[in-house]
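I have placed the structure first, in the form of structure tokens, so that the comments after it can refer back to it.
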Amino acid sequence: MRHLIIENAYIVPVTGPEIPSGHVVVAGDRIAAVGAGPAPEEYTPEAERFDANGCLVTPGFVNTHHHLYQWASQGVAADGTLFAWLVASYPTWAAMDADVVKGAATAGLAWLALSGCTTSTDHHYIFPKGRGDLFAAEIEAARDVGVRFHPARGSMDRGESQGGLPPDGVVESIDRILDHTSEVIDAYHDPSYSSMLRVAVAPCSPFSVSADLMTASAELARAKGVRLHTHLAETLDEEEHCAEQFGMTPAQYLERSGWLGDDVWLAHCVHLHDEDIARFAASRTGTAHCPSSNARLGAGVARVSELHRAGAPVGLGVDGAASAELTPLAGEVRMAMLMQRARYGPAALTAREALAMATIGGAACLGREAEIGSLEAGKLADVAVWRLDGFHAAIDDPVVAFAYGQTPPLALLLTGGNTVVAGGELRTVPHDTAARAGAEAHRRLTALAADDL
């Protein structure tokens, strides 16, 4: 069992008082102790030591929404709305295979790890026939990179001929979706405390999924004891679509489908009504806030500061790289804070509240707040150490120094006590290997899409 003492650090446990100079003791995959001053003598014999003088220590970050395959298709419809961007992207995505997904996921997860992420979700909802095992490919990539992974088996069954947005060629039958979703849950989902892999059920969106699939997905997830995820209220186009198709708002549609609850987290939620915020808070429905993607697509600014103050769980997500090119998760702490302030004023979201969204808020969205998201004895040793002894040292408050400017260098990242990043470099998949995998995935997808024309 590995014993590591991180010492002389400014520690932000997130759920407890900050410690200006203290220690975090890691024993195996757990945090054994967190406190002020030197580590207790019982932990010091033969333990490794990491001198974190001049550093900020936080929990590892939790990415609550992503589409990893999109690393291979960045830069598309650079000035388009969500619907325009999707229409432009669907034909390319329809050509992906398992090799594309493995390379894109390797690059995407490595990029996340380099920005302090120890747990990531992925919402994969396109499964072209005869292209290999795409779900297994991204799971393999997560194991290689060494992050905790929550892949969500996404789905679309409502193509253009049925009033949906995607072309009919990229949708699946309900029976195929439910059968495969059940299979991957049985094969991969690990509910244990130390789990590195949990599966969720995730029909894509109200404009690409039938009402029958929404209801059946909720029933399947609850029968299997796993969580539910989908996109919701991302754009005004979606609001208009739901009004025309269902005669109600997106949130009302989800409530009718049995989708509000503490086992659900929803991506974006930009265009919520006052009553929606109250419903989310009362039901403990979570929100994955993706500020850079929402800005890139011109979708708007989500009302996450209001959700937060109402008591609804809110986490951060970078979204797919094709709608948030090269966005680091740590950078979304700053982006979330600044966008809320731009809309509501300087008291809308503090640096510490934004940091909490990236950690314990994200853990709550995934139902793992008892295991990850804060630095507490007994929790899993998912820990990030940030260097603040360079240019950032001109700011006295370490949390302000972290959140207000450019993200500081990452000195160390542990997932379950294992080193994933040290000195700003990956220690699992070589840095150059991960970058090359993403570039090769892009070239392969481009060629496959051209062949399909």
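The values are calculated or read from the model by the stated rules, or taken from the named source; none is laboratory data. Note that the coordinates shown come from a computational prediction; the quantities given were computed from them, not determined experimentally. Don't worry about glycine lacking a Cβ; one is built from the backbone with ideal geometry, like all the others, and counts go over all protein chains shown.
Assorted remarks:
- Among the residues of segment 75-118, the one identified as assigned to a loop (DSSP other than H, G, I, E, B), within 21 Å of residue 236 (Cα to Cα), in contact (Cβ under 8 Å) with a residue 60 or more places away in the chain and among the small types (Gly, Ala, Ser) is 80.
- Each residue in segment 87-138 was checked for being farther than 21 Å from residue 181 by Cβ and not hydroxyl-bearing (Ser, Thr, Tyr), and 18 of them qualify.
- Qualifying residue in segment 252-264 (condition: farther than 27 Å from residue 199 by Cα and at pLDDT 95 or above): no
- The C-beta contact set for segment 418-431 (first residue free of Cβ contacts under 8 Å to residues at least 24 places away in the same chain, second residue assigned to a loop (DSSP other than H, G, I, E, B) and surrounded by fewer than 17 Cβ atoms within 10 Å (Cβ to Cβ), distance under 7 angstrom, 6+ apart or interchain) comprises 419/427.
- Criterion applied to 48, 18 was being charged (D, E, K, R), surrounded by fewer than 18 Cβ atoms within 10 Å (Cβ to Cβ) and closer than 24 Å to residue 370 by Cα, and the one residue passing it is 18.
- Looking at 168, 157, 144, just one residue is of a type in the set (Asp, Glu), modelled with pLDDT under 95 and either crowded, with 21+ Cβ neighbours inside 10 Å or more than 15 Å from the chain's Cα centre (by Cα) (or both), and that residue is 168.
- Taking segment 21-45 as the range and being of a type in the set (A, V, I, L, M) and either assigned to a strand (DSSP E or B) or surrounded by fewer than 16 Cβ atoms within 10 Å (Cβ to Cβ) (or both) as the test, the residues that pass are 24, 25, 26, 27, 31, 32, 33, 34, 36.
- Criterion (touching an Asp or Glu at 6+ places or on another chain (Cβ under 8 Å), touching a residue at least 24 places away in the same chain (Cβ under 8 Å) and either surrounded by fewer than 19 Cβ atoms within 10 Å (Cβ to Cβ) or among the hydroxyl-bearing types (Ser, Thr, Tyr) (or both)) met by exactly one of 235, 230, 249: 249
- In segment 271-312, the residues that are free of Cβ contacts under 8 Å to residues at least 60 places away in the same chain, buried (at least 17 other Cβ atoms within 10 Å of the Cβ), of a type outside the set (Lys, Arg) and not in a helix (DSSP H, G or I): 271, 272, 285, 301, 302, 312
- For residue 419, the conditions (1) within 30 Å of residue 225 (Cα to Cα); (2) in contact with a strand residue (DSSP E or B) (Cβ under 8 Å, 6 or more places away or on another chain) are fulfilled apart from (1).
- Taking segment 323-348 as the range and being outside any helix (DSSP H, G or I), surrounded by fewer than 24 Cβ atoms within 10 Å (Cβ to Cβ) and either in contact (Cβ under 8 Å) with a residue 40 or more places away in the chain or small (Gly, Ala, Ser) (or both) as the test, the residues that pass are 325, 326, 328, 345, 347, 348.
- Criterion (touching a Leu at 6+ places or on another chain (Cβ under 9 Å) and either surrounded by fewer than 24 Cβ atoms within 10 Å (Cβ to Cβ) or β-branched (Val, Ile, Thr) (or both)) met by exactly one of 241, 268: 241
- Matching residues, segment 171-230, being assigned to a loop (DSSP other than H, G, I, E, B), in contact with a helix residue (DSSP H, G or I) (Cβ under 9 Å, 6 or more places away or on another chain) and not small (Gly, Ala, Ser): 171, 172, 189, 196, 198, 199, 206, 207, 209, 226
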